[in-house]
Amino acid sequence: GLMVFDTLYGMDASFTIQPQMVAGHLVEDDGRRWTINLRDGLIFHDGTPVLAKDVVASIERWWRLDVLGKLLAAITDELTAPTDKVIRFRLKQPFPSLPFALGKPSRCCFIMPERLAQTDPAKQVAEIIGSGPFRFRADERLAGTRAVYERFAGYVPRQEAPGFTAGAK
């Protein structure tokens, strides 16, 4: 999944959470309001831009599947996309582990187009469209035999060196 989908944050080789799709974030109101800004130039494999509404829908899908996500959902008063590049959490209580929750390498919070993220979490999404460094070639897949990926020319890597799930990929 990490070849096809990107995450808001990633974990580097020293197990430290780093921004991945995120340009930066601001924590206010004693840790109860997080404003996350997306990096410029992020696009999905279908050519559409990655927008904050896609991120919100992806988080809402993920937090119905993941234990830490369920905890985050329970303390979230509001999750919004006030602009195309901004995601805002308004929390009932401080949650300093927010970047870890969104960037942990297991049961990842993959970012996908809103229309796919709105799929019932108990069902598989109909298309594999991410914004990661490789595009899944469903037309060349042979179940149980072959999966084909091709480098995605539209991928915008981070400037940092690659390390585990963080940095340039």
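The values are calculated or read from the model by the stated rules, or taken from the named source; none is laboratory data. Owing to the predicted nature of the structure, the values given are computational and were not obtained by experimental measurement. Here the Cβ positions follow ideal geometry from the backbone for every residue, glycine too, while neighbour counts run over all protein chains shown. For the accessible areas, the whole protein counts, side chains as well, though only heavy atoms, and no ligand, DNA or RNA atoms are used. Shrake-Rupley method; radii C 1.70, N 1.55, O 1.52, S 1.80 Å.
Here are a few things to note about the model shown:
- Residue within the range 63-71 that is aromatic (Phe, Trp, Tyr) and either under 25 Å from Tyr155 (Cβ atoms) or in a strand (DSSP E or B) (or both) present: no
- Test result for Arg135, open to solvent by 20 Å² or more (accessible area, probe 1.4 Å) and touching a His at 6+ places or on another chain (Cβ under 7 Å): yes
- Flag: Gly10 does not match the condition of being farther than 23 Å from Phe134 by Cβ, in contact (Cβ under 8 Å) with a residue 60 or more places away in the chain and not β-branched (Val, Ile, Thr).
- Some residue of the range 39-54 being out of contact with any helix residue (DSSP H, G or I) (no Cβ under 7 Å at 6 or more places or on another chain), buried (at least 17 other Cβ atoms within 10 Å of the Cβ) and without any contact (Cβ under 8 Å) to a residue 40 or more places away in the chain: yes
- From Gly47, Gly69, residue being among the small types (Gly, Ala, Ser) and closer than 19 Å to Ile128 by Cα: Gly47
- Filter result for the condition that a residue is open to solvent by 60 Å² or more (accessible area, probe 1.4 Å) and either closer than 25 Å to Met3 by Cβ or in contact with a His (Cβ under 6 Å, 6 or more places away or on another chain) (or both), over Gly130, Gly144, Gly103: Gly144
- Checked across the range 128-135, the condition of being free of Cβ contacts under 8 Å to residues at least 24 places away in the same chain and of a type in the set (Gly, Ala, Ser) holds for no residue.
- The listed residues are Asp84, Asp77, Asp46, and the only one of them that is of a type in the set (D, E, K, R) and either at pLDDT below 95 or in contact with a strand residue (DSSP E or B) (Cβ under 7 Å, 6 or more places away or on another chain) (or both) turns out to be Asp77.
- Selection within the range 1-34 - among the β-branched types (Val, Ile, Thr) and buried (at least 16 other Cβ atoms within 10 Å of the Cβ): Val4, Thr7, Ile17, Val22, Val27
- Restricting attention to the range 1-56, the residues being under 13 Å from Arg158 (Cα atoms) and assigned to a loop (DSSP other than H, G, I, E, B) number 10.
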